[in-house]
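Worksheet: the structure to be examined is printed underneath.
The values are calculated or read from the model by the stated rules, or taken from the named source; none is laboratory data. Not measured: the values here are computed from a predicted model. All Cβ positions, even for glycine, are placed from backbone atoms using ideal geometry, and neighbour counts span all protein chains on display. Quick note on the areas: whole protein, heavy atoms, side chains included, nothing else; ligands and nucleic acids left out. Shrake-Rupley method; radii C 1.70, N 1.55, O 1.52, S 1.80 Å.
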Amino acid sequence: MNGGMERGEITVIGALTSIGKSTIINNVVYHLIENTSLKVGVMYLEATKREVVRDLLSLDAGVNLRVKNRSDLNMDDLKNRFMQGLAKKDQLVYVDHNGSITNDKIFDKLNYLAKAEGCDVIIIDPLQAAVNSSDNTAVIDFMDTVLKYAKETDTCIIIVSHMKKPSDENPHAVTEYQLLGSSSINQIAFNTLLISRDKMNPCPIKKSATKLQLVKCRR
């Protein structure tokens, strides 16, 4: 598959809550739509459909719509741009979670995305909103089931996970053992990427820079 992803695999992206993980995930989704023929199913469990469309359209238009006043925007032009561009490609399937969602519902939606919609890549963001309990057993069971789905449906599944707070002295001193939940998150994943940012650094360049670490890659 394009982008270094393989079918039947789970990739975990561990991110601190303050680094703009949704921005990075949206860039991944936009790249797949614009530069590949892959179909992407997204389960954003902390975002609304409106926010997802806005952020993808920001990338497409090259304008950060989050900071723009609605009165300054031509909404008809933006709607037409989305419908004639990203939507017309028919490579994105958004799952509306309607607030809280149970594990059974998540797996039903995974089935729908993979088998009915034919998605090649499925993104779950974040893991902590998908698992109803912080108990390690619940996380292990969830990861085991997701791996079985990846194998059974021959899809690439990307899971975003929050991380525990790093050291105040070095926000980049993070490891796969700081993924929030069970160690099974990293153990079951085929690939693990960690994302960190020193948001309190007085240097504007370092403050805005994001560090990515590939700490696990089975291939």
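Residue selection: Asn186 satisfies the criterion of being closer than 19 Å to Glu9 by Cβ and open to solvent by 20 Å² or more (accessible area, probe 1.4 Å). Scan the range 33-66 for residues that are more than 15 Å from Phe82 (Cβ to Cβ), loosely packed, with under 13 Cβ neighbours inside 10 Å and more than 17 Å from the chain's Cα centre (by Cα) and jot them down. Result: Asn35, Ser37, Asn64, Arg66. Restricting the first member to the range 57-84 and to residues that are in contact (Cβ under 8 Å) with a residue 60 or more places away in the chain and of a type in the set (Ser, Thr, Tyr), and the second to residues that are open to solvent by less than 80 Å² (accessible area, probe 1.4 Å) and assigned to a helix (DSSP H, G or I), no beta-carbon pair is closer than 7 Å while six or more apart or on different chains. Looking at the range 189-211, which of its residues are over 13 Å from Val12 (Cβ atoms) and either open to solvent by 70 Å² or more (accessible area, probe 1.4 Å) or touching a helix residue (DSSP H, G or I) at 6+ places or on another chain (Cβ under 6 Å) (or both)? Scanning the range 189-211 gives Asp198, Lys199, Met200, Asn201, Pro202, Pro204, Ile205, Lys206, Lys207, Ser208, Lys211. Residues considered: Val63, Val53. Of these, the only one that is of a type outside the set (Lys, Arg) and within 23 Å of Val121 (Cα to Cα) is Val53.
Note on the range 6-21: residues that are modelled with pLDDT of 65 or more and open to solvent by less than 40 Å² (accessible area, probe 1.4 Å) amount to 11.
The single residue among Thr155, Thr145, Thr137 that is polar (S, T, N, Q) and open to solvent by less than 20 Å² (accessible area, probe 1.4 Å) turns out to be Thr155.
For the range 120-134, the set of residues classified as under 15 Å from the mean Cα position of the chain (by Cα) and either open to solvent by 20 Å² or more (accessible area, probe 1.4 Å) or more than 15 Å from Ser183 (Cα to Cα) (or both) consists of Asp120, Val121, Ile122, Ile123, Ile124, Asp125, Pro126, Gln128, Ala129, Ala130, listed by residue number.
The residue that is modelled with the lowest pLDDT, counting only those in the range 182-219 that are under 17 Å from the mean Cα position of the chain (by Cα) and of a type in the set (Gly, Ala, Ser), is Ser196.
A Cβ distance below 7 Å, combined with a sequence gap of six or more or placement on separate chains, defines the contacts here; from the range 157-180, residues that are closer than 28 Å to Leu38 by Cα and in contact (Cβ under 8 Å) with a residue 24 or more places away in the chain reach residues that are aliphatic (A, V, I, L, M) and assigned to a loop (DSSP other than H, G, I, E, B) in the pairs Ser161/Leu180; His162/Leu180. State whether the residues of the range 196-206 include one that is touching a Pro at 6+ places or on another chain (Cβ under 6 Å) and part of a loop (DSSP other than H, G, I, E, B). Among the residues of the range 196-206, at least one is touching a Pro at 6+ places or on another chain (Cβ under 6 Å) and part of a loop (DSSP other than H, G, I, E, B), which makes the answer yes.
Of the strands (runs of 3 or more DSSP E) lying entirely inside the range 24-141, those containing at least 1 residues that are of a type in the set (Phe, Trp, Tyr) are 40-44, 92-94.
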